[in-house]
Amino acid sequence: MTHLLMIDTGNTAWILTSTMLVLLMSIPGIALFYGGLVRQKNVLSIIMQTIFLVAVVSILWVAIGYSWVFDTTFAEKGHPLAFLMGGFGKAFMNGITLDTLTAGNIPELLFAMFQCMFAVITPALILGAFAERIKFSGYILFIVLWVVLAYFPMAHWVWGGGFLQQMGAIDFAGGTVVHINAGVSALIMAIMLGQRTDYRIGHPVTPHNVAFVFMGTAFLWLGWFGFNAGSGLAADGLAANAFMVTHIATAAAAVTWMVIDWIFNKKPTVIGTCTGAVAGLVAITPAAGSTDLLGAFCIGAITSVICFCMVAVVKPKLRYDDSLDAFGVHGIGGIVGSILTGVFATRMVTGGTGVQGALYGDWHQLAVQLIATGVAIAFSAVITFILFKVVDATVGLRVDKRVEEEGLDIYEHGESAYNR
């Protein structure tokens with residue numbers, strides 16, 4: 001334990017700000033982005049799912065999640081579960097006082113809250129895969145189990161001293177832990193839950209409020225600066241670089257998607273440009289602490305092209321109903337970004353003895369990124385498959401046909417978003 005006088009007030013102020021910015025990504029960011037994309041009869045179901053998970057995941061995090069991910073008790077004692085979790089020595093913030101500091105000389109309580117917002121946003125990304133057809137009761141059980149059994153172990157492996165971190169995998173702010181984890185789970189849920197009753201290949205559901213989608217994108221773009229630039233836990237040059245590459249990768253991805261949209265669909269659309277921006281935000285996340293401006297441009301543009309192909313070409317051909325393209329944007333964006341981190345990482349950012357990517361001659365780092373990406377994909381898919389089977393057999397996950405046809409807002413929540 002250190003003393004209160006040793007707190008770095010500049011770093012602390014920045015991480016306090018970053019924590020609030022990351023919360024904005026869930027509420028109202030995801031709630032507006034996904035809420036605008038669904039039909040009017042289902043917008044409140046998206047809002048309710050989002051605000052519920054913010055509340056319940058926060059409770060789970062302070063109760064056991066933070067200790068599960070960042071405690072070191074099991075490793076120190078050679079416990080057989082040390083591979084899976086850190087331990088429960090810090091459950092309910094046990095032993096952490098106002099004076100306890102962590103990296104960057106910020107209060108550990110603040111670090112725990114910053115990481116809490118990552119635990120909150122991750123399951124929120126999955127919502128887009130099963131929008132408009134999931135029972136709220138089944139959703140509650142699935143989300144609680146998924147956070148505990150999918151998010152906590154993955155976060156421990158990558159950020160809490162687990163085997164992927166020890167192997168040298170780079171995930172600055174959540175490419176594997178957040179986006180691949182959530183995106184692959186979204187795909188499994190979409191496939192196993194089945195298509196919406198009125199889903200037609202080549203005839204996408206018309207969003208009920210494009211202005212909501214834009215506002216959600218704006219909150220996500222803003223909040224992502226806390227997500228990425230805050231992950232270095234200091235107000236320094238690394239944060240400044242992460243801030244810049246986050247913005248430029250997003251800009252490059254948005255413009256790229258708009259151009260592709262214009263070429264193939266004859267008009268540049270707001271929905272397309274917003275989707276491209278989100279794809280860029282996703283892809284730069286793992287690389288924000290190791291790449292420079294060149295990497296940001298390339299990662300943003302490359303990811304936008306690949307995600308567009310997944311959404312516009314691959315999804316219709318494979319006929320799965322990923323309602324709001326959670327996998328096509330977050331899953332694929334996370335996979336591409338994680339791999340390209342092993343290409344564009346540069347010592348201009350990581351330092352004289354830091355890691356560098358294949359572009360600069362270090363093919364080992366690319367191999368490490370490929371392994372970490374593969375582990376994340378396999379783990380998320382298996383856990384989600386098992387959880388789907390368990391929850392569907394107990395509580396049930398799919399709403400009745402009549403409920404789906406008339407809307408989840410009225411049947412599940414007894415409310416309507418727009419009343420005269």
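The values are calculated or read from the model by the stated rules, or taken from the named source; none is laboratory data. Since this is a predicted model, take the numbers as computed values, not measurements. So basically every Cβ, Gly included, is an ideal-geometry build from the backbone, and we count neighbours across all protein chains shown. We work out accessible area using only protein heavy atoms, side chains counted, and drop any ligands, DNA or RNA first. Shrake-Rupley method; radii C 1.70, N 1.55, O 1.52, S 1.80 Å.
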TODO: Only residues that are in a helix (DSSP H, G or I) and over 26 Å from the mean Cα position of the chain (by Cα): list them for segment 342-363, please.
DONE: 347, 348, 359, 360, 363
TODO: Test residue 159 against the criterion of being at pLDDT 95 or above, in contact with a Ser or Thr (Cβ under 7 Å, 6 or more places away or on another chain), surrounded by fewer than 23 Cβ atoms within 10 Å (Cβ to Cβ) and under 30 Å from residue 354 (Cβ atoms), and give yes or no.
DONE: no
TODO: Please list, ordered by first then second residue, the pairs with beta carbon atoms under 7 Å, 6 or more apart or interchain, first in segment 15-32 and on the phi > 0 side of the Ramachandran plot, second open to solvent by 10 Å² or more (accessible area, probe 1.4 Å).
DONE: none
Open item on the list: If the requirement is being farther than 20 Å from residue 127 by Cβ and either crowded, with 20+ Cβ neighbours inside 10 Å or free of Cβ contacts under 8 Å to residues at least 40 places away in the same chain (or both), which of these qualifies: 384, 353?
Closed with: 353
TODO: Tell me which residues, restricted to segment 162-207, are farther than 23 Å from residue 111 by Cβ, small (Gly, Ala, Ser) and open to solvent by less than 10 Å² (accessible area, probe 1.4 Å).
DONE: 183, 185, 186, 190
- [ ] Might you check whether a residue that is of a type in the set (S, T, N, Q), closer than 30 Å to residue 414 by Cβ and in a loop (DSSP other than H, G, I, E, B) occurs anywhere in segment 203-218?
- [x] yes
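For residues that are among the charged types (D, E, K, R) and more than 19 Å from the chain's Cα centre (by Cα), scanning just segment 298-326, find the one that is surrounded by the fewest Cβ atoms within 10 Å (Cβ to Cβ). Give the derivation first.
In the first step, residues of segment 298-326 are kept if they are among the charged types (D, E, K, R); the result is 315, 317, 319, 321-322, 325.
From what's left, more than 19 Å from the chain's Cα centre (by Cα): 315, 317, 319, 321.
Details: 315: 20, 317: 8, 319: 10, 321: 19.
Filtering segment 298-326 for residues that are among the charged types (D, E, K, R) and more than 19 Å from the chain's Cα centre (by Cα), the one surrounded by the fewest Cβ atoms within 10 Å (Cβ to Cβ) comes out as 317.
Filter segment 219-251 down to the residues that are hydrophobic (A, V, I, L, M, F, W, C) and free of Cβ contacts under 8 Å to residues at least 12 places away in the same chain and list them by number.
To start, the set of residues in segment 219-251 that are hydrophobic (A, V, I, L, M, F, W, C) comprises 219-222, 224-225, 227, 229, 233-235, 238-240, 242-245, 248-249, 251.
Result: 240, single match.
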Open item on the list: Name the single residue that is most open to solvent (accessible area, probe 1.4 Å) among those in segment 250-297 being among the polar types (S, T, N, Q) and farther than 17 Å from residue 172 by Cβ.
Closed with: 265
Open item on the list: Scan segment 47-68 and tell me whether some residue there is more than 26 Å from residue 175 (Cβ to Cβ), hydrophobic (A, V, I, L, M, F, W, C), touching a Ser or Thr at 6+ places or on another chain (Cβ under 8 Å) and surrounded by 15 or more Cβ atoms within 10 Å (Cβ to Cβ).
Closed with: no
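For (1) farther than 25 Å from residue 415 by Cβ; (2) not polar (S, T, N, Q), each residue gets a yes or a no:
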{"site": "113", "(1), (2)": "yes, yes"}
{"site": "116", "(1), (2)": "yes, yes"}
{"site": "120", "(1), (2)": "no, yes"}
{"site": "132", "(1), (2)": "no, yes"}
{"site": "137", "(1), (2)": "no, no"}
{"site": "150", "(1), (2)": "yes, yes"}
{"site": "166", "(1), (2)": "yes, no"}
{"site": "169", "(1), (2)": "yes, yes"}
{"site": "179", "(1), (2)": "yes, yes"}
Task: segment 44-96 - residue that is assigned to a loop (DSSP other than H, G, I, E, B) and free of Cβ contacts under 8 Å to residues at least 12 places away in the same chain and, of those, farthest from residue 154 (Cα to Cα) - done: 95
Task: Boolean, residue 390 is farther than 26 Å from residue 297 by Cβ and assigned to a helix (DSSP H, G or I) - done: yes
Task: Near pairs, Cβ below 7 angstrom, 6+ apart or cross-chain, from segment 186-204 (within 17 Å of residue 378 (Cβ to Cβ)) to any residue that is open to solvent by 30 Å² or more (accessible area, probe 1.4 Å) - done: 188/385
